Amino acid sequence: MESDFKQRMLAFNAQLSLDDVHLPAGVEAMNPFKGEHAGAVHHITTDFYQKYYADTIKRIAIFGINPGRMGAGL
């Protein structure tokens with residue numbers, strides 16, 4: 001059986017790693033799927049993907065940050 005979009009996104013989020021990322025001094029990479037808040041992030045994203053993406057419709061995922069004043073870009 002084909003996995004649904006929700007399952008594929010959760011699997012992708014779980015395997016994300018910043019171990020091989022080389023950034024300039026003063027620049028940090030954030031990975032909300034690892035670290036002290038990972039459990040809460042997993043719960044929230046699972047609920048979101050279950051509500052909106054628990055299907056096998058073909059999709060394209062676009063990743064980025066929230067550039068708003070109070071977003072991750074802060």
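The values are calculated or read from the model by the stated rules, or taken from the named source; none is laboratory data. Keep in mind that what you see is a predicted model, and the values were worked out from it rather than measured. Here the Cβ positions follow ideal geometry from the backbone for every residue, glycine too, while neighbour counts run over all protein chains shown. Ligands, DNA and RNA are excluded from the accessible area calculation, which covers all protein heavy atoms including side chains. Shrake-Rupley method; radii C 1.70, N 1.55, O 1.52, S 1.80 Å.
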Output the qualifying pairs, or none if there are none: Cβ atoms under 7 angstrom, residues six or more apart or on different chains, first residue in region 50-72 and open to solvent by 100 Å² or more (accessible area, probe 1.4 Å) and at pLDDT below 90, second residue in a loop (DSSP other than H, G, I, E, B) and not aliphatic (A, V, I, L, M). 65/71; 65/73; 67/73
Residue satisfying all of: in region 1-20; farther than 19 Å from residue 31 by Cα and part of a loop (DSSP other than H, G, I, E, B); least open to solvent (accessible area, probe 1.4 Å) among these: 4
